[in-house]
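No lab work stands behind these numbers, since they all come straight from the coordinates. Nothing here was measured: the structure is a model prediction, and the numbers come from that model. Ideal geometry is used to build each Cβ from the backbone, glycine not excepted, and the neighbour counts take in all protein chains shown.
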């Protein structure tokens with residue numbers, strides 16, 4: 001059994017600057033030891049700890065899909081010590097990944113259903129994993145209609161721009177891209193906050209439709225009433241509380257909400273489950 005405290009050694013294979021402020025970068029890692037990629041078996045919605053010797057570790061949602069072989073990806077916001085050190089590393093540097101940790105989105109329950117994916121800002125990382133997973137040729141027939149609503153402050157703050165453009169060209173997924181505001185007169189997509197775009201474009205809720213939502217707390221706060229008005233049952237609204245993560249294995253006690261340890265019992269919960277917990281998230 002893998003020691004839960006021991007990270008897998010990985011090498012940085014590629015670094016992609018995602019946003020115009022250069023504070024969000026996607027890191028592509030290659031496992032260094034035979035069998036580690038197989039042992040790091042994950043599903044969309046899970047997270048891991050990125051570990052740098054002598055600096056510490058940070059919990060980050062997995063941005064790649066298990067259908068993408070030979071590597072694993074994470075998109076990291078430069079906000080603290082470890083992330084700042086990581087942002088100054090280069091291709092070829094070696095570090096560690098500990099995980100995978102937490103639970104995943106309820107893929108078995110969502111099979112054969114319509115899926116509405118709502119994301120905002122850099123929280124779109126695990127949603128990127130989910131979209132790539134769904135659109136894989138081995139999985140696409142398992143799900144019905146797919147709608148994606150994704151927003152950022154400005155066009156320059158959108159993640160995965162090439163993939164967004166590629167997804168929009170497909171006829172088996174409905175993309176609704178928006179920004180809070182832009183001075184670009186040729187901006188081809190929506191302008192407006194995610195809750196408003198959701199109200200205007202999301203399909204109605206029913207027993208055949210699930211909503212996955214991940215984003216900043218203020219976005220979630222104002223999107224939830226929209227989903228209520230659209231008729232989504234709270235057990236069909238899936239949320240991720242990955243921003244609560246700390247040690248990832250329930251030892252430090254810093255992620256708990258009421259009796260739940262988010263890193264062990266989550267980070268994925270239905271809104272129905274969260275309704276029974278203190279409003280600490």
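Structure notes:
- Spin-label zone in region 136-154 - amide nitrogen under 12 Å from a point set 7 Å from the Cα of residue 172 along the C-beta vector: 136-146
- Calculated on the alpha-carbon coordinates, the convex hull of region 107-240 measures out at 100 cubic angstrom per residue.
- Cα gyration tensor category, rounded, prolate or oblate, for region 166-210 with a/c compared to 1.5: oblate
- Over the chain: helical MRE at 222 nm, DSSP H runs n ≥ 4 each giving -39500 (n - 2.57), nearest 500: -5500 deg cm²/dmol
- Rg and Dmax [Cα atoms of the chain; Å; Rg one decimal, Dmax integer]: 18.2, 56
- Ranked 126, 196, criterion: other C-beta atoms within 10 Å, fewest first: 196, 126
- With Cα atoms, 0 to 90° folded angle of helix 217-229 axis to the chain main axis: 40 degrees
- Over region 8-100, the ratio between the Cα radius of gyration and 2.2 N^0.38 Å evaluates to 0.99.
- Sorted peptide list for 218-225, 61-68, criterion being average Cβ within 10 angstrom, highest first: 61-68, 218-225
- Degrees between helix 125-135 axis and first principal axis of the chain (Cα, 0 to 90, nearest 10): 70 degrees
- For region 185-248 and region 39-97, distance of Cα centres in Å: 26 Å
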